[in-house]
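None of the figures in this text is laboratory data; all of them are computed from the coordinates on show. Bear in mind the structure is a predicted one, so any value in this text is a computation, not a measurement. No Cβ is skipped: glycine too gets one built from the backbone with ideal geometry, and neighbour counts run over all protein chains shown.
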Amino acid sequence: MKKAISIFSGGLDCTVATSVFDDEYEIHAITFNYGQKAFRQELKASRRICEKMGWSHEVIDLPWLADISNSSLNTDDDIPEISIDDLDDLDKASESAGNVWVPARNTVFTSIGLAYAESMGAEAIIVGWNNEEGATFPDNSREFLDEFNELVSVGSPDKIRIEAPCINLNKEELVELGVKVGAPMRLSYSCYKGEDEPCGVCESCVRRKRAFEKVGI
C-alpha cells in the first residue's frame, strides 16, 4: 500500500483529514511537542486515535520552537476566550488568532513531514487545514497549500503532494465529512488550554462546539 505522513495533533481537523485517506495509504502520524499547554491531552488523543485506526505514530520534540514563541499556546499568557457570535467577526477572530499564533508552525511541521515523506518513500503529507480557519490563519489557506505544493514540486526529487481534503470546508462541513468517512471524532481533542475537560470557551472549542451543534451531534 502507498504511504502517507500525517501532521497529527489529535484534533478534530487532522482526525477527519487523515481518516479520509485511511483506505488509500499506510499512514504514519507525527505529533509535535512545541511546549503547548495542550500537549499532554493532544498526545493522549493522538495515541488513542492511531491505535484505533491502526496508524503508526511518532512524537517529535521541538524545544527551540517553544523557546522562540510568544504565543499564548505555549507561554504563561492567558489564552483568549471568544463567544460564538464573535467567530464571524473578522476583527475579533483575527485578534484571537494573532494571540495564539506560533511562529511558522505549519511551515515547520509540513517541512518536517516532507523530510519524513522523502525518507520513508511516502507519496502524501496529510494536513487538516480548512477554509474556516484559513480566514484568520494564513497557513491554513488554499493559497498557502497551493504555494507549498509548488515548493515541494520544485524542491523535492520525489513526487509528493500535500493533501488537505478539508481545505474548502467550514467546520460544519468538516464534521459532516467526518461522519461520512467514519472518523473517530469522539476521541479527538481540540482545546487550547489542555485541561482534562475542554474549556468550551477558547476559539478552538467554540468553533468545534458550533460545528457539532449545526450538524446535530
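Of note:
- Ordering 1-9, 191-199 by mean Cβ neighbour count within 10 Å, with the highest value first, yields 1-9, 191-199.
- Net length gained if the chain between residue 146 and residue 83 were fully extended (0.36 nm per residue, minus Cα distance): 19.5 nm
- When the helices of the chain are scored as -39500 (n - 2.57) per DSSP H run of n ≥ 4 and the total is divided over every residue, the value at 222 nm lands at -14000 deg cm²/dmol.
- Value in Å of the Kirkwood radius, where the chain supplies the Cα pairs that are averaged: 17.3 Å
- Pairs of lysine residues in the chain - Cα separation under 17 Å, sequence separation of 8 or more or cross-chain: 10
- Sorted by Cβ neighbour density within 10 Å, fewest at the top, the residues 16, 181, 152: 181, 152, 16
- A crude spin-label estimate for the pair residue 214 and residue 179, with each label 7 Å from Cα along the Cβ direction, gives 1.3 nm.
- Placing +1 on the Cβ of every Lys and Arg and -1 on the Cβ of every Asp and Glu, with nothing else charged, gives the chain a dipole about its Cα centre of roughly 740 debye.
- Helix 39-53 axis, angle to the chain major axis (alpha carbon atoms, nearest 10°): 50 degrees
- Extension gain, residue 161 to residue 40, is 40.6 nm, computed as 0.36 nm per intervening residue step minus the present C-alpha separation.
- Of the beta bridges in the range 2-215, as assigned by DSSP with both residues counted there, near 5 percent are antiparallel.
- Taking every alpha-carbon pair under 8 Å whose residues sit at least 6 apart, the range 117-217 reaches a relative contact order of 24 percent.
- Pairwise FRET efficiency - residue 154 versus residue 186, Cβ, R0 = 41 Å, nearest 0.05: 0.55
- Across the range 205-215, rounded Karplus estimates of 3J(HN,Hα) from the backbone phi angles (6.51 cos²θ - 1.76 cosθ + 1.60, θ = phi - 60°) give 5, 5, 5, 4, 4, 4, 4, 5, 5, 5, 7 Hz, Gly and Pro being marked x.
- Euclidean distance between Cα centres, the range 9-23 to the range 163-216, Å: 11 Å
- Tilt relative to the chain, helix 105-120 - C-alpha long axis, 0 to 90 degrees, to 10: 20 degrees
- Near residue 124, the amide H atoms lying under 5 Å from its own belong to 5, 161; only residues 5 or more places off or on other chains count, and H is placed 1.01 Å from N.
- The packing ranking, built from the mean of other Cβ atoms within 10 Å per residue, places the peptides 68-79, 26-37, 103-114 in the order 26-37, 103-114, 68-79, highest first.
- Applied to the range 7-16, the Karplus parametrisation 6.51 cos²θ - 1.76 cosθ + 1.60 on θ = phi - 60° returns per-residue 3J(HN,Hα) values of 7, 10, 9, x, x, 4, 5, 5, 5, 5 Hz, with x for Gly and Pro.
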